[in-house]
Amino acid sequence: MFSIGIVFLFSIVALRAQNAPTFVVFSGEGDVFPLTTTNEAKFSILADTADFAGVEYALANLQADFEAVTGIEPLLMANPAATNIKLIIGTLGKSNFIDQLVKTGLINKNELSGKHEKFIIQTVQQPFEGIDEALVIAGSDKRGTIYGIYELSRQIGVSPWHYWADVPVRKSKDIYIRRGVYTAGEPAVEYRGIFINDEEPALGNWVRATFGGFNHLFYEKVFELILRLKGNFLWPAMWGKAFYDDDPLNAVLADKMGVVIGTSHHEPMARAHVEWSRYGEGEWNYQTNAEVLKKFWREGFKRAYGTECIITVGMRGDGDEPMSEEANIQLLEKIISDQRAIISEISGKDAAEIPQVWALYKEVQDYYDKGMSVPDDVTLLLCDDNWGNVRKLPLPEAPKRKGGYGMYYHFDYVGGPRNYKWLNTVQIERTWEQMHLSYEMGVDKLWIVNVGDIKP
């Protein structure tokens, strides 16, 4: 599953944008800038303290990564007059240092302004007084800078999987940078993430023994993995767990680090399924219990609003099962309409301004195929058949949707006719073929893959 996950998440970037070319080398031959060398004094990283909190998290990890590779942890400084500055890192519009480099023409603003999650990595001569040369990592936005930082980590020898799969760090005292400008471009798919599911007993037992539960200490490691892989989205674990309710710091940390949170295809309005068992009253049935359900959903959206999230709308039966036969298209249309009214009421905005997704999972696709009306700004999340075969794609002549199309894919499944879990469950060539086809047909808003345990 680890190898499949690597290819899946990196193929998202590689469809249109590519991994940044190799700019790190470990010898001083050619036109290179020495970042660290044997017997050289500890170098410094220049960063603005006003930058995003997520950038600060990534910078701290970069310091630890350099220590793991070279044995020396670089200093993090906020003054360009500091000693031995070799790295300058920041976000356009949030870092005074990056903005100054743009103003003086040392960085091309057009490469970053208005771009989505893009970074540039380049060597710059005399960026500030007293600095002869430095490597600059500049991001168009929060995640652009974070991805640039982790791209440097990856190239110096720290795998994104160093924690989760025990990938050893490649040691080196000498690290050089090829002079030039490097980028991976903009991601081809806007939201790219994983769904932790069917996580008991393997992951669950380990998490409880290691972190005491599915709390922010555990999720910090998950968020870091997603960002190192250049992902940005998560459906959290949901077997008897509630991301927002179990630890209020989970959502706070996700927002700070830069990971967008959603809830699974059968957990509408940012409420975990288990929360209905904890706090719900009456049946999970909109025909007979609408007011209680609306109150339940209102509390969920109110709690999540203000953090970066994508709200799942719609409704399935209790426990990830189909709704009753009496449920029909008109009822589901009313449910979504009422959910959007809640979104508008609490946010004070048109519901179309809040990202939403509706999953056409299993029987729900039948409603859409039979003509159910879905607001144009809602992302339609198409699905595979639980076995890696995409069920539906937009027709070539289909009009563009404001909310676009997404894909929910499986590397893990619990259900009929049999379960499959853990390692290497899906042929990787088929994953590539199905997802490449999906992208070519316009499915580029959201990709989410059910990875099961992460750590079997």
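General observations
- Unique match (being over 24 Å from Ile310 (Cβ atoms) and either surrounded by 12 or more Cβ atoms within 10 Å (Cβ to Cβ) or at pLDDT 85 or above (or both)) among Trp432, Trp447: Trp432
- The listed residue being in the same structural domain as Ala50 (by TED's automatic domain parsing) and more than 21 Å from Ala68 (Cα to Cα), out of Ile131, Ile146, Ile85: Ile131
- Highlighted here are the helices (runs of 4 or more DSSP H) found entirely within segment 261-362 that include at least 3 residues which are aromatic (Phe, Trp, Tyr): 286-304.
- Condition check for Met269: in the same structural domain as Leu446 (by TED's automatic domain parsing), closer than 28 Å to Tyr150 by Cα and at pLDDT 95 or above: no
- Criterion violated by Thr37 - all others in (1) among the β-branched types (Val, Ile, Thr); (2) within 27 Å of the chain's Cα centre (by Cα); (3) modelled with pLDDT under 95; (4) in the same structural domain as Lys173 (by TED's automatic domain parsing) satisfied: (2)
- Note on segment 89-126: among residues that are basic (Lys, Arg) and in a loop (DSSP other than H, G, I, E, B), the one that is nearest to the chain's Cα centre (by Cα) is Lys118.
- Annotation note: Cβ proximity below 8 Å between a residue of segment 24-43 that is among the acidic types (Asp, Glu) and a residue that is in a loop (DSSP other than H, G, I, E, B) (sequence gap 6+ or interchain) occurs for Asp31/Arg179.
- On the stretch given as segment 174-215, residues that are in a loop (DSSP other than H, G, I, E, B) and modelled with pLDDT of 95 or more total 14.
The values are calculated or read from the model by the stated rules, or taken from the named source; none is laboratory data. The model shown is predicted, which means the values in this text are computed figures rather than measured ones. Using ideal geometry, Cβ is built from the backbone for each residue, glycine included, and neighbour counts are taken over all protein chains shown.
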